[in-house]
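Undergrad: Quick one: the structure is below, questions incoming.
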């Protein structure tokens, strides 16, 4: 039995519609889980392959929940194995153009970077709780742990973000002065 299974045209169409409708949102979510757009896209591609293989079982039930579960598990696994093709350096080879100091993209970059410094479980809990607005029970079902473990991971993650000096400095420097609009 090969990896490629024959799907009905209706199932294929439903899968294509599911992916097309949610692609940009899923890339954003995967990026939040791994901290990088390219790695997020790779993670999503891998998760979609797994979803495609399971599509006959899940397409009429909860494909979103299944895809979330696969994404989180793949992100946790990716966090445990380090990819050694790139090595961080003290100085970047090229410098990007200077952006507006109060530009929201910069703030998102700081937050994304800070999330990337968290352990995979804490990052997943925070993304699921604050980006997806899921309850602790729903998160626990996705992650395969107890609701208490979710609350503990959220507490540890938020505490780490509050103590992250790079993020704290960025937030302080981007706070608008009284009477000054950033828009």
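Undergrad: What number of residues within region 153-168 satisfy the criterion of being surrounded by 12 or more Cβ atoms within 10 Å (Cβ to Cβ) and assigned to a helix (DSSP H, G or I)? Before the answer, list the steps.
TA: Step one: of region 153-168, the residues surrounded by 12 or more Cβ atoms within 10 Å (Cβ to Cβ) are 153-158, 160-161, 164, 167-168.
So of that shortlist, the ones also assigned to a helix (DSSP H, G or I) come out as 153-158, 160-161, 167-168.
Here the count works out to 10.
Okay, residues lined up against (1) outside the structural domain of residue 40 (by TED's automatic domain parsing); (2) in contact with a strand residue (DSSP E or B) (Cβ under 9 Å, 6 or more places away or on another chain); (3) within 17 Å of residue 29 (Cβ to Cβ); (4) at pLDDT 90 or above:
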{"position": "118", "(1), (2), (3), (4)": "yes, no, yes, no"}
{"position": "130", "(1), (2), (3), (4)": "yes, no, yes, no"}
{"position": "144", "(1), (2), (3), (4)": "yes, no, no, no"}
{"position": "148", "(1), (2), (3), (4)": "yes, no, no, yes"}
{"position": "156", "(1), (2), (3), (4)": "yes, no, no, yes"}
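The values are calculated or read from the model by the stated rules, or taken from the named source; none is laboratory data. Everything numeric here is computed off the predicted structure, so don't read it as measured data. All Cβ positions, glycine included, derive from the backbone under ideal geometry; neighbour counts span all protein chains shown.
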